[in-house]
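The values are calculated or read from the model by the stated rules, or taken from the named source; none is laboratory data. Please read all numbers here as calculations on a predicted model, not as lab measurements. Here the Cβ positions follow ideal geometry from the backbone for every residue, glycine too, while neighbour counts run over all protein chains shown. SASA here: full protein model, heavy atoms, side chains in, ligands and nucleic acids out. Shrake-Rupley method; radii C 1.70, N 1.55, O 1.52, S 1.80 Å.
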Amino acid sequence: MRLLLTGAMLPALLAQSANEWPTFNHDLAGTRYSPLTQINTRNVARLTRAWSYRLRKDPASEVAHRVGGFSEVTPIVVSGVMYLPVEESVVALEPETGKEIWRYDSNNRLLSKRGVAYWPGDKDTPPRILATAGSKLIALNAKTGRLVPGFGNEGVVEMTVPYNSAATVYKNLLLVGANVQEAPATGPQGNSRAYDARTGAKVWEFHSVPQPGETGHETWEGDSWKNRSGANNWGFSMTVDQERGIAYMTFGSPSSDYFGGDRKGANLFANSVVAVDAATGKYKWHFQVVHHDLWDMDLPPAPGLIDVTISGKKVPILAQTGKIGMMFFLDRVTGKPVFGVEERAVPKSDVPGEESWPTQPFPLKPPPLVRNSFKPEDIVTAEDTTAEHARACRDLAEKSGGLYNAGPFTPYLYHVPGTQPKSTVLFPGAIGGTDWGGTASDPKLGYVFVNTHDEASIGWIEKMPEGAPTFFDRRSVIGALPRFWDKHVDADGRQLGESSWLCQKPPWGRLAAVNANTGDIAWQVTLGVTDELPEGKRNTGRLSQGGPIVTAGGLVFIAATTDHRFRAFDSRTGKLLWETRLEYSAHATPMTYQGKDGKQYVALIAAGGDILDNPNMNRNEALVVFALPALAEPQLPLHR
């Protein structure tokens, strides 16, 4: 294996990375932490728009931002150039102005709308930009945007299984996950793989469902492991402990999502964080967050790596979140819980043939970051929002046959044919909790930041007709998106607000900081407003997708919410220091970098939509970039 970096090259590259944003999460540890301080707690209130870049070439185009309808991209900036996918293209921009340097047109509607990756090359190979388009892994010359002939077949590798996110680049390896079906139960496997960054040859493959003789195979009863789909690392990246050469991947639910009678057992490595040797893919350890998943409680985000001090000793740990809305701190060398985990009894499923797991793991610290139970008195009232909204929510509960909840991990009730269905209301629901947005970590404070929302799913399980993809599946009175919300439309079906209103008492969304040294919640604030409500009721919090970043300037930047806002908070206290209204919600994670002009910029994609917002009828999705209007004061060190 060739040495990619000489001793002389390394300090310059590290300094460059500090000023730029070279990967989706800024670094392989997944910290999303920038050491830049030009924008800080003293001056962030003066932040203004510097430039923007419209994402649609053709305003009438139907193809833009096709992941859930809209873009979830975090751009990267490396070696003085910004790179991102736009519609069916990859573009390179001047990060100070937005001027286009080159554009590669893939003519592939499956081009990832989540990001691209950068490989720095070596003495024989120029730097490359890596993009995914369905099952294709594409290598472009970072300087010209042209396909690289020596990579796969004229610049394209056929991965067989699609992956809709950016590769994670570790040395000369490209680490990728998989996007596979949620039903039926059998089909393409959700294995993770590594490819050679120079040639595109596959180097290793990790079985997400263990094969005979592999660790975890015994957690699948009988032949239920065979051709089992799901259990895939579909999140936006992996993380890597570079010092130890350990890669961490997270897996979602096994297929099918809501019935496990044909897959009895704990079902490893579904719903687990797994550590492997990054160079070989060899298994090291795992920690399963949900046993025998019946709720679609995926583990989408990669863990954030951080070193903390516990009882005077430095400990390398990771922070893992998922849809269940709990945060697990694990020793990243051994996988052992840092502050303790307790297996607690949970309610039993009544679905015929189902054998739900009797216990589930709960961290002793921190406490759950979202609500995970429901009582009738938790339903929203007119005093919380409006009489119309409260009435709609009560009507939804009545139409659902009543709402059943027996605490965390309540299974969906079985609908006996010929009887009136009764709905389970499940907190958190199928989008969390916390979803793919993940965490940001401040290594100086020792804080881990995460945005959450209290979204619930409602419904029941019923037997499917012969020939259906699965034997039993979830159904509800409100169709394909069985969420506990008021869609907030008038008699003609026109949306009255910017997005749906949830049916439980606020807050509906929050931003939290957890002290990783102690496991305690340092602060937690409401995140998002409902503009249509009367003054005094607007601070409800909102649903959110996308995550936060944190800077050495003492700031947490986050958009994510359905209220069209971009905000900055004091990382120590949670105090809101700045916010601006966007033309459209930004369900993406921001980033920050220093341009060649010496200015610090903060950028994000405002393209909204997906399952949380209305369609963007104005088609005005854009990359929006902010900076200070002028350096009006000396940049003194921050004493934080």
*Which entries in 336/375; 323/505; 57/143; 323/596; 323/463 show an alpha-carbon gap greater than 29 Å?*
336/375; 323/596
*Per the Cauchy relation, a quarter of the hull surface: what is the mean projected area of the convex hull of the alpha carbons in the stretch 87-202, in nm²?*
7.8
_Computed E for residue 186/residue 525 - FRET, C-beta separation, R0 41 angstrom, nearest 0.05_ = 0.35
*Report, as a whole number in µm² per second, the diffusion coefficient that Stokes-Einstein gives for the chain at 4 °C and 1.567 mPa s using the Kirkwood radius over alpha carbon pairs.*
52
*MRE, 222 nm, helices only [DSSP H, n ≥ 4, -39500 (n - 2.57), over the chain, to nearest 500]*: -1000 deg cm²/dmol
*Give the calculated FRET efficiency between residue 355 and residue 215 to the nearest 0.05, with a Förster radius of 22 Å applied to their Cβ-Cβ distance.*
0.50
*Per residue of the stretch 271-277, in order, report the coupling 6.51 cos²θ - 1.76 cosθ + 1.60 (Karplus, θ = phi - 60°) as ³J(HN,Hα) in whole Hz, putting x for Gly and Pro.*
6, 10, 9, 10, 9, 9, 5
*Per residue value of the accessible surface for the chain (all protein chains in place, 1.4 Å probe), Å²*: 37
*What percentage of the solvent-accessible surface of the chain, computed with a 1.4 Å probe over protein heavy atoms, is contributed by carbon and sulfur atoms?*
52
*In square nanometres, what is the average projected area of the Cα convex hull of the stretch 250-350?*
7.5
*Within the stretch 509-527, find all residues whose amide N lies under 18 Å from a label point positioned 7 Å from the Cα of residue 579 along Cα-to-beta-carbon.*
509-513, 524-527
*Using the per-residue mean of other Cβ atoms lying within 10 Å as a proxy for protection, in what order, highest first, do the peptides 465-478, 595-608, 563-576 fall?*
595-608, 563-576, 465-478
_Difference of contour (0.36 nm per residue) and Cα-Cα distance, residue 97 to residue 313_ = 73.1 nm
